[in-house]
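Derivation of every value follows stated rules applied to the coordinates shown; laboratory data play no part. Quick caveat: nothing in here was measured; it's all calculated off a predicted structure. Here the Cβ is made from the backbone with ideal geometry for all residues, glycine too, and neighbour counts use every protein chain on show.
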Amino acid sequence: MSEPLLQIERLTLALPEGADRRYAVEDVSYSLAAGEVLCVVGESGSGKSMTANAVMGLLPPGLRVTQGRALFDGADLLAMDEPTHRALRGRRIGMVFQEPMTALNPLMRVGDQIAEVFEAHGLLTARERREKALALLEEVRLPDPPSALRAYPFELSGGQRQRVMIAMALALEPQLLVADEPTTALDVTTQAQILHLIRDLQKRRGMAVMFITHDFGVVAEIADRVCVMCEGRIVEMGDAREVLASPRHAYTRTLIAAIPGGVAAPARDGADPAPLLTVEGLNKVYRSRGGWWQPRREVVALDEVGFTLGRGETLGIVGESGSGKSTLGRCIVGLETPDSGGIRLAGTDLRTLTGQALREQRRHIQMVFQDPYASLNPRIRVGMAIAQGPIANGVPRARALERARQLLTTVGLDAAAADRFPHEFSGGQRQRIGIARALALDPELIVADEAVSALDVSIQAQVLELLERLKTELSLSLLFITHDLRVAAQICDRLIVMQKGCIVEQGSAERIFQAPSHPYTRELLAAIPGRHDDATAAAAPAAAPRMP
Amino acid sequence: MSFFRRFVQNRGALVGLVILALVVLLALLAPLLYPESPWRMVQRPFLAPGELPGFPLGTDTMGRDVAAELAHGAWVSLLVGFVSTLVALAIGVPLGALAGYFGGRTDDVLMRITEFFQTIPNFALAIVLVAIMEPSIGSIVLAIAVVSWPPVARLVRGEFLSLKHREYVEAARLVGQGHRDLILKQILPNTLSPVIVLASLMVATAILLESSLSFLGLGDPDTMSWGYMIGAARTVMRQAWWLSVIPGVAILLTVLALNLVGEGLDDALNPQLARQR
C-alpha cells in the first residue's frame, strides 16, 4: 500500500467537565491511503464523528485536543493555524454532511452555492465557475443539470440535494472526502444510488474517502477497510470483508448481529387468523389552498387502499417517504380523516361512529410514535404520562398510577421510573415508555409508526424483541410501519408494499423477500445495503435465530 | 441544574431581583414609615433634599414630604403593574389558547378581535377608557389590561399552533383525553416559559403607562403615584429639578429591574438558548 494520505496518531479529545465520560475519543490511531475507502462505524455517542470534526477543524466549543497528531500529507492538521487550515479545507479535503437540507443555504440557488466554493478560494472567473458548476452537476448525475443550477434547495428531493452536496465537496478536486452519515436521512433506493455514486467518483478520481456510518450494511456496500469504535476507542480495525465475515471483538459481533434480520424473512406459520381490522377503499388527498396566481396543489396520499389484518398478526407497511404509509397509519388510529373508504375494527365501522362510542372504540387502537424525544411531554412525569389514558377513560387515579408502575416493569424498566421526567431517559428507554403508554389502555391493535427508526441498531434489536414478546404475551395485533425492509423482515408476518399512495404488492413476508412480483418491490429489495455481500449473508443466521 | 441556580448565574437578573425586592419592601413598609397621608403639607414648599433633617428628599411645591410620596407611590405603581398584567394574562392566555388550538373559524374570529385592539394606539385607547370611566385605581388597571393583552394572545396562539401537532399531544389525543385536558395539561404548561418572560416585561410597561396617565392628570385623585409627582413638578422643573428627577429615577430603576429579571427568567427557562450566547 502507498504512503498514507491521512494518518491519525494517538488522538485524544477531552470532553468538557461534567460530561458522562472524560474523553470523546481516546488514543485513536488510524491511517487512510489514497484511493481507499475507510468506514468508521459506531453507535451514537461512540465518538466516530469527533475524529472527523477534529480533522476538519470543526470541533464544537468545549472540546480540547489533549494528545496526538493528525497528519495530512505530512502536515499536522491539529497544530495548523486557522488560515492554513482553511486553505486546505475544501481544496484538498472535502466534506459531506448528514442532513442535506440544513447543509445548503435555503435562499441561494444551487449553481451559486457551488460557484461560491470557487469564490471562497479565489479561483476562476464568474463564467468559468458557472461552467464548472454545470460540469459537476453532470458528474454527480443530477437529472437536467442546467435547470438544477437555477433551482433552490427546497425544489430538489433529498437525494438530489445530497448529490449537490457531493458536487460541492468535489468542486476543488480534494484528495480526501470526509462523509459523515451522508445517506442516513435518505430512502433505501436513494441511499443505494448515492453509495454507488460515491464509490464510482472515488474510483474515477482516486480519492481517499473517510465514510462515517452506523450501518454495517453500508459498510459491506462501500468499505475497503473498517474501523469500529465504541465509547471513544477503536475496538477493531481491518479489512472490510474480514471484519464482516469473522469479527474478532465482541462489540463488533453484537453490532453485526443487531443488523435486523439479515435479508431473508423467516418462514412463519401460515394459519389464516380471523380479521381484526379491515380497511376498504381508503382515499386521502392533501390539498394546498391555491393563491391568486397559484393553482391548487393536490397530493394523493392514499388511493383505494384496502387490506385486512388478522388477530395476533404483525403486518408490515413498507414504503419510501411520500408513499402514504404514515398517512395510512394516522387514518387508522384517527389522527387524520380519510376522504372516503371504510375502516372496520372487529366488525364495527369506525367511520360511522361518533362521540362516546367512537372514543370507546378508539381505545382499542393505540400508537407508538417515531421520535422518542418528541412523543413524551417534557413536563409530565413518566408514570402520569402512562396513566393519563386510563384516567381520561374513567379509571381512578391511584389505580391508574399503580398500573403504570406495573407496565413499566412489563416493558423492562424499573417501576421507580414512574416518578421521573422523560428527559432523564435515553432514546431506547423512552421508546419503551411510549410502548407502555400504548399498552395502558389494553389495546387490541398497536400501530407502530417507524417506532425503531430513530434508535441505534443494538437498541433497535432490543425494542423489536420487546414488541415481539408483548405481542405474544398480550395477544396483540401489530401494524408496523417502516421504511426499513430489514426491520420489517425481522418482525412482520405479512407485508404491504406502498408506492405513491397505492399498495403495489402484498403477501407473506417470506414470499415477498424470496419472490417479489412487482418491479418496485424488487428495486427496494435490491437497494438494501449489503444484500449482495456474502459476509452479511453469513452473519444473518446469527441475527435471525427463528430461521430454520 | 436547577432553575434557581441558572437564574442566579445571570448577574444582571440578580441585581434586578434585589432592586425589585427593595421597591416591594418600600411599598409594604410605606404605611409604617409614613403613617400619615402623603398628601398632608408638613413643611414649607421647595425644600431641597437634605436641607432640613427629617426630610431627606425635601418637600414639593405644596410642602408635602417627597420621601413619603415616593414610598406611597411605590405601592400604587407595583399594584397597578402586577394586577393589570394579571388581568391582561387572564384575557390574553385563554383567547390565544382557544384560537391556536381550534384554528379555523374560531381562530379567524378571535384574531380579528385581537387585531381590532392592536390597530388602536395603546396609549390613546387607555386615555379614552380612563376618561370615560371615572379615574380610579380600578379603571386604570382595567384600561391598562385592555390595551396590553393582544401581544399575550398572539404569543400563546403561536405557541399553541406549533405545539398542538407535537407527537405527545397526538399521543394524549389517542388515549382519549378531551379538549380541556389537552389544552390545560398537555399544551399550556409547555407555553408558560415565554409567557412568564413576556409578563415580567408587561409589568414594566404597565408601570410606565400608569405613570404616563397620572402625569396627564388622569390618575386616581385619591392615591399618590410617581407619575402624578412628575406631572405636578413639571412646571417647576427649573426651580426644583429634583422634584421631577427623584420619582423619575424611581420609575427608571423599577422598570430596569423588571427588564433584568425578565431577561434572567428567559435564560433560566430556556437553558439551551442561554448557553448559545
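Taking amide H atoms as placed 1.01 Å from N in the peptide plane, the amide H of residue A:96 lies under 5 Å from those of A:178, A:179, A:180, each 5 or more residues away in sequence or on another chain.
Taking the square roots of five times each eigenvalue of the Cα gyration tensor of chain A, the equivalent ellipsoid has semi-axes of 43, 28, 23 Å, listed largest first. The length gained by stretching the chain between residue B:11 and residue B:90 to full extension, at 0.36 nm per residue less their Cα-Cα distance, is 25.3 nm.
Evaluating 6.51 cos²θ - 1.76 cosθ + 1.60 at θ = phi - 60° for every residue in the stretch B:67-79, the Karplus couplings come out as 4, 5, 4, 4, 5, 5, x, 4, 4, 5, 4, 5, 4 Hz, glycine and proline recorded as x. Test of understanding: given chain A, find the longest segment containing no chymotrypsin sites (Phe, Trp or Tyr not before Pro) that are in a DSSP loop and have at most 12 other Cβ atoms within 10 Å. Result, exposed sites excluded: A:1-291.
Antiparallel beta bridges, as assigned by DSSP with both residues in the protein assembly as shown, represent about 55 percent of the total such bridges. Distances between placed amide hydrogens fall under 5 Å for residue A:311 paired with A:274, A:276, all partners being 5 or more residues away or on another chain. Note on the stretch A:327-408: Cα Rg divided by 2.2 N^0.38 Å, N the number of residues, gives 1.27. Each stretch of four or more DSSP H residues adds -39500 (n - 2.57); spread over every residue of chain A, this sum gives -11000 deg cm²/dmol at 222 nm. Per residue, the convex hull spanned by the Cα atoms of the stretch A:196-243 measures out at 78 cubic angstrom. Pairs of lysines in chain A whose Cα atoms sit within less than 25 Å of one another amount to 6, provided the residues are eight or more positions apart or on different chains.
Per residue, the Cα convex hull of the stretch A:100-171 amounts to 75 Å³. Between residue A:155 and residue A:65, the contour length at 0.36 nm per residue exceeds the alpha carbon distance by 28.4 nm. Looking at the stretch A:122-188, the trypsin sites (Lys or Arg not before Pro) that sit in a DSSP loop and have at most 12 other Cβ atoms within 10 Å of their own Cβ are A:150. Shown here: the stretch B:27-82, whose C-alpha atoms stretch 35, 20, 18 Å along the first, second and third principal axes, sorted largest to smallest. Fraction of C-alpha pairs exceeding 35 angstrom in chain B: 29 percent, rounded to a whole number. Percent of C-alpha pairs per 10 Å bin in the stretch A:158-201, short distances first: 27, 61, 11.
Looking at the stretch B:1-108, the GluC sites (Glu not before Pro) that sit in a DSSP loop and have at most 16 other Cβ atoms within 10 Å of their own Cβ are B:36, B:51.
Working note: Karplus 6.51/-1.76/1.60 with θ = phi - 60° gives the stretch A:146-152 the couplings x, 7, 5, 4, 8, 7, 8 Hz, where Gly and Pro are set to x. Once both labels are positioned 7 Å from their Cα atoms along Cα-to-Cβ, the gap between residue B:165 and residue A:241 label points is 5.0 nm. Taking the Cα centre of chain B as reference, the dipole from Cβ charges on Lys and Arg (+1) and Asp and Glu (-1) amounts to some 660 debye.
Using the alpha carbons alone, the radius of gyration of the stretch B:66-155 stands to its Kirkwood radius in an Rg to Rh ratio of 1.09. Out of every Cα-Cα pair that the stretch A:1-153 contains, those further apart than 29 angstrom amount to 32 percent. Ordered from longest to shortest, the equivalent ellipsoid semi-axes for the stretch B:188-277 are 35, 15, 7 Å, each the square root of 5 times a Cα gyration tensor eigenvalue. P(r) tail, the stretch A:402-542: Cα-Cα pairs separated by more than 25 Å, 36% of all pairs. Charge dipole (Cα centre; +1 on Lys/Arg Cβ, -1 on Asp/Glu Cβ; no other charges) of chain A amounts to roughly 1140 debye. Amide H contacts of residue A:504: A:497, A:498, A:499, each under 5 Å away and 5 or more positions distant or on a separate chain (H built 1.01 Å from N in the peptide plane; Pro and chain starts excluded).
A full extension of the chain between residue A:359 and residue A:414 corresponds to an added length of 16.7 nm, given 0.36 nm per residue minus the alpha carbon distance.
Residue B:68: net charge of surrounding residues, Cβ under 11 Å, Lys/Arg +1, Asp/Glu -1, itself excluded? Net of charged neighbours comes to -2.
For the stretch A:31-78, the alpha-carbon coordinates run over 32, 26, 16 Å along the three principal axes, in decreasing order. What FRET efficiency, computed as 1/(1 + (r/R0)^6) with R0 = 56 Å and r the Cβ-Cβ distance, is obtained for residue A:138 and residue A:340, rounded to the nearest 0.05? It comes out at approximately 0.80. Scalar couplings 3J(HN,Hα) for the stretch B:234-247, obtained by applying the Karplus form with A = 6.51, B = -1.76, C = 1.60 to θ = phi - 60°, are 5, 6, 10, 3, 7, 7, 9, 4, 5, 5, 8, 5, 4, x Hz; x denotes Gly and Pro.
Among B:128, B:87, B:195, the largest mean-square fluctuation in a Gaussian network model of chain B (Cα springs under 10 Å) belongs to B:128.
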